[in-house]
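Throughout, read-outs are computed from the coordinates displayed, never taken from laboratory work. Computed from a predicted model, the values in this text were never measured in an experiment. Because the Cβ atoms are built from the backbone with ideal geometry, glycine has one as well, and the counts that use them run over all protein chains shown.
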Amino acid sequence: MSQGMHIDNAYVGNKPLSQFGELNYKVENNSSPIDESIIPEPESYDPSASYIDDLQEEFSTLYEAKNEEKTKYNKNLDYVRLNGTDRYRDLVEENQQISSKSGPFTEDEIIAFNSQGTKGDCWLLAAINSLSYSSAGKQIIKDCLDYTSDGVNVNFKGAGVSYFIPNNELNNAVGYSSGDKDVVAIEMAYDKLYTDIRGKDVVLKSTTNDWIKRNCSIETGGFGDQALYVLTGQNVFHTDSPDRMNKILDQFSESGDINYSVTADMARSYSNDLVYVHTKDINGNDIELPSNHVYSVLDASDEYVSFVNPWNSSKEIIMDRNTFVEQFDSLTACNLTAPNDPGEAALIRQQNETDKNS
């Protein structure tokens, strides 16, 4: 039975079924089971009127199924409020397995929990963490890192270049993140890439605008746009439009954990001073979120958005979806498996420029 089915033209014997009043309704808008008392007793009808009973039973079954689905969803939302999202619990389990095998500092091409150091590279860490949430992103990280006995080659697919980080540099890194040497290796390689971009030894052909290409720095800050492109080589879409932000969240939610990477920007202050945004989480608790900061989106539904602060990637923050869209200034999204269409790239670049300059 299709949703919203009308039964105006159905007949029982020689009488139109529409004579039975409120039995004629749309299933998808129904809010209560059928009240048998509203069905008038006809003066006479064919024995085939038993069809009414069958129809009523079918409607009741649909209603009960709809309510069961709604109850199940509400239970899931309540569970998320208390216990976090399934994806977060999967991350915790994965990190426990990593730690049991190789300790907290891993060189295994799998991103474990990490924490931003003193460098201003929240945007890069957010991009790396967002990739670690999906199967396609995990493969991109694996392809990015190639360990040898002397160090690690970091391959930036979007930039088309590789940088070698020797073991002595990796083991004596200062100011970079803690918790996972895979992440530190990428940070150190990005430092070298930034030097080459500034010196014009490397030219990026990404969908991000030229200002971002020149001004993303490990030391002073940057944007998730460039980081996602450098790591993946895929077209990257950035928007500060609430409508388009919601579309990104819809696509991210529908894709499951397969092929989407999303980061969220909170840019409320243009000074160097640390400014906090005061808001509430999904349970109504007061929380403080640092502005001029980039976060990785972990999970999303119609009701909530789950995200992570690179200051501590082991902590999940869950916020009502409407509040999230109100509080965050923009989203950056990357479909990790879509073919790169040059025409699409040009359109995305134009839209990104429009959003950045509006």
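Set the bar at 22 Å for Cα to Cα. Now go through Lys157/Lys315; Lys142/Lys181; Lys138/Lys181; Lys138/Lys247; Lys280/Lys315; Lys138/Lys315 and name every pair that lies beyond it.
The pairs that break the limit, which is 22 Å between Cα atoms, are Lys157/Lys315; Lys138/Lys247.
Between Glu169 and Asp302, take the C-beta separation as r, use R0 = 45 Å, and let me know the FRET efficiency to the nearest 0.05. Write down the numbers at each step before the final one.
On the way: r = 46 Å, r/R0 = 1.03.
With a Förster radius of 45 Å, E is 0.45.
At R0 = 56 Å, how high is the FRET efficiency between Val92 and Asp150 if r is their beta carbon distance? Nearest 0.05 is fine.
According to the calculation, E is roughly 0.95.
Which FRET efficiency value, to the nearest 0.05, do you get for Asn312 and Asp240 by plugging their Cβ-Cβ distance into 1/(1 + (r/R0)^6) with R0 = 22 Å?
0.25
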